[in-house]
Every structure is written in structure tokens, then in C-alpha cells.
Amino acid sequence: MTASTQLVWLRHDLRVMDNPALYDASQHGPVTAVVTLTPKQWQQHDRAPVQVDLLLRHLKTLQQALGDSGISLKVCQVDDFAAVPEALLALARQLKITHLRFNDQYEWDERIRDDAVETAFQAAGYSVHRYLDQTLFAPGQLLTGQGDYYTVFTPFYKRWLSRLLEVDLTPLPAPNHQSGPVEHDPLPTQLPGWESPIASTLWPAGCEHALARLDHFVDEHLINYDTQRDLPAVEGTSTLSPYLALGAVSIRQCLQAVMAHTQGQVPTGKDGPGRWVAELVWREFYRHIMAGFPRVCRYRAFKTETERLSWREDPEGLSRWQAGQTGFPLVDAAMRQLVQTGWMHNRLRMLTAMFLSKHLLIDWRLGEQFFMQHLVDGDLAANNGGWQWAASTGTDAAPYFRLFNPYRQSERFDLQGEFIRKFIPELHSLSNKSIHQPPTSQCDQLNYPHPCVDLKEARDRVMHAFDAIKVEK
Ligand code: FAD
């Protein structure tokens, strides 16, 4: 009998440790791993160059780690998802594999791609195995009493917590060491058109780095997460999002690190560990929403009636927002942080998203796209969920009449103006009091724009827009 030979297709699970598909494959026979690079598809999905740059650097480190386990990493570069089944089949034939294994993803295009791969492999006589990896509970596993997907976070969160102890959080070990020669495919260090303007030192690659970041966060910052998580000038959050998005670190590894800290207690409270776990559950919630309501992957509002909102055409407002030139310091500092570093603090993502969709009444989809094009942690579920929350078009969204006042947010969360000064050097000389709302008389002198919108008028305008769809209902 011929031994079974395994092909593991790695996607957003780019790690050797605690990788269900990879580990299981190594229990069944010789393993080869493969990644697919699909630049044209990334363009369609608005992937950011900074994220592609991190991916390529990360793959180098992964190749090394796989090699240490005796596993070769093959690379299939094709244009888009449609070409993936044939490319993988060709590789499978060449390597004479018998089994294909991969961890599931839940974005709509990815699901179509994965189903097409599965169908093509099964038709060709290969056996295909898919695994749960991205979330602790698979979409569909946590449902309401009526058997529906949860559309409100709090009951989902409570249910998730109540079932946490059912899950074995012990991360899987590295795959069994493989004998035989390691024959990696060459990896591109850069792809034409994907050069990133952001220094690679800002986002070091590799699982070791991701795990060190997790340890550092849990050791130094977890305990104060509840009080520091909203302060953009402070290192109060984990900045693990780029690594979770790539799968350089797993959700189980994160949870295990927290539970080690809480001596195995489920972190349910409003303290640091409890709040951090709640954020990880938001990540999971939006993945379930994406799987249960795939329209959100197709630029559709979760609340379908909000499709009728009359968004404003305002190219100038949009470009001032993108360039960090709105005249509202905290909004501008945040947008500059995004463009300069590929990352933005969560409080500021909420603020800038609300500013665009509410104060400027510009279609949230344009903001969602711009974020995706610049984020090192760009993730369809979280980004779409965050945008639709801010625009009040989404599941469990902010009520439509809720608008963050950019000046008040600034006084509350950047009291000393430290964050603003970091990204808007023009305002450096202003006092801690006036930096939040620079006196109009000083704007020209400081070469800083006047506010692009009157807050009261903006509020009336957005209320009117939402009232109009209520009447039409
Ligand atoms: P921490 O505070 O340390 O949280 C730990 C992890 O929990 C994060 O790494 C992330 O994986 C997850 N998480 C935290 N908050 C959320 C949230 N509100 N929703 C979903 N998951 C969350 N997150 C992304 O990973 N990718 C995105 O493209 C993205 N776009 C967003 C767009 C908007 C408009 C908003 C409001 C939020 C968005 N978020 C996104 C969620 C959140 O802002 C980031 O996950 C967080 O800022 C990342 O920083 P951190 O790793 O230090 O988070």
C-alpha cells in the first residue's frame, strides 16, 4: 500500500506551532506545505502594500521554521482565486500527494475559492480535510435559542464565555519532524507594484516575534488594559492585530496566555484580562456575522434599510480626511498615523470612521476601502464590522444619533495632546488646552487647515439623512 502523502495549504494560518491542518497532516504521512500568492486578487481586495510586505517577510521566516521540521514550502503564484484550484492540482499531481488539508476561512470570495478547490480535488480522487482554526467556535456553532446567528454582541459574548471551558486551549505542538530532503521554492522578496513606503522595522516578521509581542503584552500591559486601552499616546494595547490577521499567532495561543495569567479562571470581568478577552470575542463575533450574513462581504449594509441613505458626493472632504487635513487635530493625527505606520489605534478607528460617515456623511464603503488599502492588519470581518458599527449600518451598531465629538474625544483620550503632537508637528507649539481645537486665528500661521465642517450643521445633516429613511420605511 502506498503511504498517504500530505499537502497542507497555508493561508491566514502562517505558523508551525498550533496549526491544526499542519499538525494533523504530520500524523498521517510525509508533508509538503504550499502557499498561494494572488497579487491581482489582493488588488481587488484592496490589500495594503504594508501588509503584503509583512506577508512576504513573514513567509521567509516560516520557510525556515518549516524547514527545521523537515517540511518544504512550495509557492504557487497565480493572478487570482479562480486560478488556484488548477495550480494546486498541478502541484498535487507533481508531488503525488494523496491528501489536501487546510484551515477554514470565512470571507465570501475565500469560501468560493476553497469550495472550488475541494470540489476539484475530490473529482480528481484526492481526499480533502478542512479544520477549524481562526475562531474558537466555528460559525454556526453558537446560535440563539431560535437557531439563528447572534446579531447582538453581548448575548454572543455571554454564550461564548459560558462555553469557553469546553474548549481545550492547549496549543498543538509543532508537526512531527519529516525525514527526506527539504526543497523549498524560492520566495519573492518583493512583488512589482507592492513596494511598501513603510519601514519594515516597524512590523518585524515571524512567529517568534508575534509570540514575544504576546508575552510582553500579557506580562506588562494586560493588567492595565481596561484603563489604558483608549489612550492612543500610551502603549496600552497588544498591537497583535497584524499577526492575528496573518495567523502568525493563533487565537488559542492568545487565550492560553491570558488564562495562564488568570490561573485558569475565565476572564469575565471588566478588568484588564476581561476587557482584552472581550476584544478577542469581537473579532470572533464579526467572523460569525460574515459567515452568517455574507452580504457584508459584498459591500452591502448589514441593516438593509440603510442602503437607502443619501450619502454625499464630496471628493474634497474625502481627500482631506484621507490626508489628515480636516482641521480636527485628533482626526488628522489618526489618519496620519494610519498612512505613516499602517496601523491606527482602535479608539481612533472609531472616531475617524464616525467622522467620515457621520460628520461628512460620506459613504462608509469609501472609508472601509481606504483603511484596507493602508492597514497592516487589514481584515475584512473586523474592518467591515468596525465601519458598519461606526456608520450605524451594521449589526449591533452605534445608534445613528451617536456622534463622537472630535474635540471632546481629544480632551478625554489625549489630554496632554501628546499623540497629536507626534503626528501633527505643525501644532507642537500649542498649549495642552488649545491643541485639541486650535484657535482659528492661529491656523494660517501654523499652516494647519481650518475645520472642514461645522459640527452642529454636520449633526443636523446626518440626523436628517437617517430620519428620511425612517419615514420612507
Ligand atoms: P488589542 O486591543 O490588543 O485587541 C486584541 C485583538 O483583538 C486585536 O489584535 C484584534 O484581533 C481583536 N480586536 C480588538 N478590537 C476589535 C474589534 N473592535 N473588532 C474586531 N476585532 C478586534 N481590526 C483588525 O484586526 N483589522 C482591521 O482591518 C480592523 N479595522 C477596523 C476598522 C474600524 C473602523 C474599527 C472601529 C475597528 C477596526 N479593527 C480592525 C478593530 C480594532 O481597531 C483593531 O483590531 C485593534 O485596534 C488592533 O490593535 P491591537 O492588536 O493592539 O488590539
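Taking the condition over 25 Å from R159 (Cβ atoms), touching a Phe, Trp or Tyr at 6+ places or on another chain (Cβ under 7 Å) and either within 13 Å of the ligand (Cβ to nearest atom) or in the same structural domain as D414 (by the TED database) (or both), does D314 pass? No; evaluated as a whole, the condition is false for this residue.
To keep it simple, each residue is scored yes or no on (1) without any contact (Cβ under 8 Å) to a residue 24 or more places away in the chain; (2) buried (at least 19 other Cβ atoms within 10 Å of the Cβ); (3) within 12 Å of the ligand (Cβ to nearest atom).
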{"position": "C207", "(1), (2), (3)": "no, yes, no"}
{"position": "A210", "(1), (2), (3)": "no, yes, yes"}
{"position": "F217", "(1), (2), (3)": "yes, yes, yes"}
{"position": "Y225", "(1), (2), (3)": "no, yes, yes"}
{"position": "Q228", "(1), (2), (3)": "yes, no, yes"}
{"position": "V234", "(1), (2), (3)": "yes, no, yes"}
{"position": "T239", "(1), (2), (3)": "no, no, yes"}
{"position": "Y243", "(1), (2), (3)": "no, yes, yes"}
{"position": "L246", "(1), (2), (3)": "no, yes, yes"}
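Of the residues H177, H216, H221, H209, the single one that is modelled with pLDDT of 95 or more and under 30 Å from K74 (Cβ atoms) is H209. Put simply, of Q141, Q146, Q134 the only residue that is under 23 Å from the mean Cα position of the chain (by Cα), outside any helix (DSSP H, G or I) and without any contact (Cβ under 8 Å) to a residue 12 or more places away in the chain is Q141. Here F423 passes the criteria (1) closer than 22 Å to L361 by Cα; (2) surrounded by 12 or more Cβ atoms within 10 Å (Cβ to Cβ) except the one numbered (1). When residues in segment 13-50 are screened for being assigned to a helix (DSSP H, G or I), polar (S, T, N, Q) and closer than 14 Å to H177 by Cβ, 1 of them pass. Contact map, segment 249-277: residues that are more than 14 Å from W160 (Cα to Cα) paired with residues that are part of a helix (DSSP H, G or I) and among the polar types (S, T, N, Q), Cβ distance under 7 Å, separation 6+ or inter-chain. Pairs shown: G272/N224.
Residue-wise test of (1) part of a helix (DSSP H, G or I); (2) surrounded by 22 or more Cβ atoms within 10 Å (Cβ to Cβ).
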{"residue": "Q369", "(1), (2)": "yes, no"}
{"residue": "V376", "(1), (2)": "no, yes"}
{"residue": "A398", "(1), (2)": "no, no"}
{"residue": "Y407", "(1), (2)": "yes, no"}
{"residue": "R412", "(1), (2)": "yes, no"}
{"residue": "F419", "(1), (2)": "yes, yes"}
{"residue": "S431", "(1), (2)": "no, no"}
{"residue": "F466", "(1), (2)": "yes, no"}
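Yes or no, residue by residue, for (1) surrounded by fewer than 21 Cβ atoms within 10 Å (Cβ to Cβ); (2) basic (K, R); (3) at pLDDT 95 or above; (4) within 24 Å of G342 (Cβ to Cβ):
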position	(1), (2), (3), (4)
A3	yes, no, no, no
A21	no, no, yes, no
D46	yes, no, yes, yes
Q51	no, no, yes, yes
Q77	yes, no, yes, yes
A87	yes, no, yes, no
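Residues that are within 8 Å of the chain's Cα centre (by Cα) and within 7 Å of the ligand (Cβ to nearest atom) within segment 355-380 comprise D377, G378, D379, listed in sequence order. When the residues of segment 381-393 are filtered to those that are within 10 Å of the ligand (Cβ to nearest atom) and not hydrophobic (A, V, I, L, M, F, W, C), the one that is farthest from W194 (Cα to Cα) is Q388. Any idea which of R408, R365, R349 is free of Cβ contacts under 8 Å to residues at least 24 places away in the same chain and among the charged types (D, E, K, R)? Matching residue, one of R408, R365, R349: R408.
Restricting to segment 313-357, and then to whatever is of a type in the set (D, E, K, R) and more than 20 Å from D414 (Cβ to Cβ), can you tell me which residue is surrounded by the most Cβ atoms within 10 Å (Cβ to Cβ)? Here the residue is R320. Apart from one condition, L165 fits all of (1) within 25 Å of F137 (Cα to Cα); (2) assigned to a loop (DSSP other than H, G, I, E, B); the exception is (2).
Residues in segment 227-280 that are more than 23 Å from T170 (Cα to Cα), in contact with a Gly (Cβ under 7 Å, 6 or more places away or on another chain) and part of a loop (DSSP other than H, G, I, E, B): R229 only.
The values are calculated or read from the model by the stated rules, or taken from the named source; none is laboratory data. Here the structure is a predicted model, which means the values were calculated and not measured. Reconstructed Cβ throughout: ideal geometry from the backbone, glycine too, with neighbour counts over all protein chains shown.
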